[in-house]
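The values are calculated or read from the model by the stated rules, or taken from the named source; none is laboratory data. Note that the structure is a prediction, hence the values are computed from the model and not measured. Cβ atoms come from the backbone with ideal geometry, glycine included; neighbour counts cover every protein chain shown. To get the accessible areas, we keep the full protein, side chains included, count just its heavy atoms, and leave off ligands, DNA and RNA. Shrake-Rupley method; radii C 1.70, N 1.55, O 1.52, S 1.80 Å.
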Amino acid sequence: MATHLLRNGASSWLLKHCLSRHHTLKRCLSVTSSLDKKVSFNLSDIGEGIREVTVKEWFVKVGDTVEQFDNLCEVQSDKASVTITSRYDGKITKIHHSIDEIALVGKPLLDFDVLDEEGDEDSADSSSSSSDGSSSEAETAKPLAAAADSNTGGGRVITPATPAVRRLAKEHQLNLADVPPTGKNGRVLKGDILEYLGQVPPGTNIPHPTIAAKLQSQTAATTAVVPVPADRVEVLKGVRKAMLKAMTESLKIPHFAYSDEIDMSNLVQFRAQLQAVAKESGVPKLTFMPFCIKAASIALAKYPIVNSSLDLASESLVYKGAHNISVAIDTPQGLVVPNIKNCQSKNIIEIAKDLNALVERGRTGSLTPSDFADGTFSLSNIGVIGGTYTHPCIMAPQVAIGAMGRTKAVPRFNDKDEVVKAHIMSVSWSADHRVIDGVTMASFSNVWKQYLEQPALFLLH
């Protein structure tokens, strides 16, 4: 009868006629909030740093009765749509947001009336309103907690769980101690058992902050014993210090980028025919680089603006007569960029000899300042390391630079629509857009490409 009166709002009558005479009665009714408990369901963190979402659809309304894992609503973040499911069995009493309204993470989505034996009163995503008897329950909870601690110390471990959860575990013949908890202070929830049984996807239950803090502290304690290497400070000097200054100036230039592919198949055969002659002339191994340098010199003769430098003080261009082509070389001291002088008057074998001499001096650290002076145009063969396309940085006061990628054998269609093996090399150009426009750079690249794809043209120079 008392239960009937409580559920029909007659709790005040009982308090007045029964509890008020506590001085004459040794025992009376115990009024708790377990019969009619209101819980706010908060929007939990859905990851990826999302702090707010838009409510797109409600699957429930006020007055509906739902169970755990029933769909409540669908929310939309700036990255994805997420369906929010219930953590409780109970009746919905209030919906806090209408469709298309903004809901914040950690704030209430809706309110439930739940039975204490079916819900988790200490859920990570809810905050229950206290009843008039909450203080007395707190008083009672302290000795109970102390008793639990004493039992634990005596060897018996009590796993916190509601009667409904214990009944569910018993039905499935589970030991609650084997179920990973996600509730406050290690409480096992109904969802934990369902996840343990494989009836819901892993990760459905979000651990309470007390659980997360405990795991984080355990992880920190584990990682604390791992020694962390000390930081090291190194003063820039030599090549690195020079590179710092050069690249700082380079990034002040507005770069224009242009890329293309070159079919090196004919040049592969042409170079093989010249290997014996090159060896007799003092070049042990003839690489593609001398051909690329000579082709660049021929293209520079047709487009001299690419071989110029910009004088900002007088706002004028200085057209260079000599083709002193700088070449990036990897040395034990770092990347250096000496140049081969007067390429316009040298043939491929002579350029190959000068290139080999620069490489050797770079490896032995015997390059001189004159090797770096008066460069007018730059080429970098990043393909010897790897990669295809890149974005090379212009070396001021030059106005252009090219970088060749790795040459790869790939299938291509010939003039008869037959699939043939082709050796393809990529090239990336960067030009100073204050001086060189896109048409000029593309035209320069086409001339360079023509000589590499038709190497017999080198015989004309």
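Which condition breaks for Glu418 when tested against (1) open to solvent by 90 Å² or more (accessible area, probe 1.4 Å); (2) touching a helix residue (DSSP H, G or I) at 6+ places or on another chain (Cβ under 8 Å); (3) among the acidic types (Asp, Glu)?
For Glu418, the failing item is (2).
Determine which single condition Lys245 fails, assuming it passes every other condition in (1) under 19 Å from Ser378 (Cα atoms); (2) modelled with pLDDT of 80 or more; (3) open to solvent by less than 60 Å² (accessible area, probe 1.4 Å); (4) over 30 Å from the mean Cα position of the chain (by Cα).
Condition not satisfied by Lys245: (3).
Any residue at all in the stretch 71-85 that is in a loop (DSSP other than H, G, I, E, B), touching a strand residue (DSSP E or B) at 6+ places or on another chain (Cβ under 8 Å), modelled with pLDDT of 50 or more and within 19 Å of Val114 (Cβ to Cβ)? First the steps, then the outcome.
First pass over the stretch 71-85, keeping only residues in a loop (DSSP other than H, G, I, E, B): 77-80.
If we keep only those that are touching a strand residue (DSSP E or B) at 6+ places or on another chain (Cβ under 8 Å) as well, we get 77.
Right, trim to modelled with pLDDT of 50 or more and you get 77.
Okay, now just the ones that are also within 19 Å of Val114 (Cβ to Cβ), so none.
Looking through the stretch 71-85, none of the residues is in a loop (DSSP other than H, G, I, E, B), touching a strand residue (DSSP E or B) at 6+ places or on another chain (Cβ under 8 Å), modelled with pLDDT of 50 or more and within 19 Å of Val114 (Cβ to Cβ).
Which residues, counting only those in the stretch 285-315, are touching a residue at least 60 places away in the same chain (Cβ under 8 Å), over 27 Å from Val435 (Cβ atoms) and surrounded by fewer than 18 Cβ atoms within 10 Å (Cβ to Cβ)?
Selection gives Thr287 alone.
Test Ala272 against the criterion of being at pLDDT below 95, assigned by the TED database to the domain that holds Gly383 and surrounded by 11 or more Cβ atoms within 10 Å (Cβ to Cβ), and give yes or no.
Details: at pLDDT below 95: yes; assigned by the TED database to the domain that holds Gly383: yes; surrounded by 11 or more Cβ atoms within 10 Å (Cβ to Cβ): no.
For Ala272, the condition - at pLDDT below 95, assigned by the TED database to the domain that holds Gly383 and surrounded by 11 or more Cβ atoms within 10 Å (Cβ to Cβ) - is not met.
Just the residues that are in contact with a His (Cβ under 7 Å, 6 or more places away or on another chain) and open to solvent by less than 10 Å² (accessible area, probe 1.4 Å), please, taken from the stretch 378-415.
Across the stretch 378-415, the qualifying residue is only Ile394.
Open to solvent by 50 Å² or more (accessible area, probe 1.4 Å) and either small (Gly, Ala, Ser) or without any contact (Cβ under 8 Å) to a residue 60 or more places away in the chain (or both): is that true of Pro369 in this structure? Don't jump to the end; show me each part of the working.
Details: open to solvent by 50 Å² or more (accessible area, probe 1.4 Å): yes; either small (Gly, Ala, Ser) or without any contact (Cβ under 8 Å) to a residue 60 or more places away in the chain (or both): yes.
In short, yes.
Take the residues in the stretch 429-442 that are assigned to a helix (DSSP H, G or I) and farther than 19 Å from Met264 by Cα, then tell me which one is most open to solvent (accessible area, probe 1.4 Å). Steps first, answer last, please.
Let us first name the residues in the stretch 429-442 that are assigned to a helix (DSSP H, G or I), namely 438-442.
Retained after the next criterion (residues that are farther than 19 Å from Met264 by Cα): 438-441.
On the way: Gly438: 23, Val439: 110, Thr440: 31, Met441: 0 Å².
If we take residues in the stretch 429-442 being assigned to a helix (DSSP H, G or I) and farther than 19 Å from Met264 by Cα, then Val439 is most open to solvent (accessible area, probe 1.4 Å).
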